[in-house]
Amino acid sequence: MILDYLRITVRDSIGGVNFVGGVTKLGGDEATSVLTADFLSPYRGFFSVDAEESVRSLGALLRLCFARELSSEERYLMLGIASAFLHMSVRRCFRVPLNNDASLPKLRKPY
């Protein structure tokens, strides 16, 4: 999402970008070749407009992101925040392949 933001805003207004385990491509063999089966299994549901499928998939992603099991309170808080910031109508946009190979070299800030 940060690269989407940088495509439409003034890049000089940021100090840099830090990708920590970030994915800069979605869709296609080249993009998925760097992702594990654990990540790919719930991948389709991340962007689903079906609320139940989306929550299941995002819950699976949360389990991958933490070394310890989250408490119910932590899990539901994170799922709620994710749902609030990424409305179902926005998720439709992520169904198309995404490739930021052209955008990354244009950044003149550290990344």
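Here are the numbers:
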{"item": "Vicinal HN-Hα couplings computed from phi for segment 30-42 (Karplus, 6.51 cos²θ - 1.76 cosθ + 1.60; Hz; Gly/Pro x)", "result": "4, 5, 7, 5, 9, 9, 7, 4, 4, 7, 5, 4, x"}
{"item": "Low-density loop positions, GluC sites (Glu not before Pro), segment 41-74 - DSSP coil, at most 12 other Cβ in 10 Å", "result": "69"}
{"item": "Under Karplus coefficients 6.51, -1.76 and 1.60, residue-wise ³J(HN,Hα) of segment 72-77 in Hz, glycine/proline x", "result": "4, 4, 5, 4, 5, 4"}
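Bear in mind these aren't lab numbers, they're just calculated from the coordinates by the rules spelled out. Everything quoted here is computed from the prediction, not taken from an experiment. Ideal geometry is used to build each Cβ from the backbone, glycine not excepted, and the neighbour counts take in all protein chains shown.
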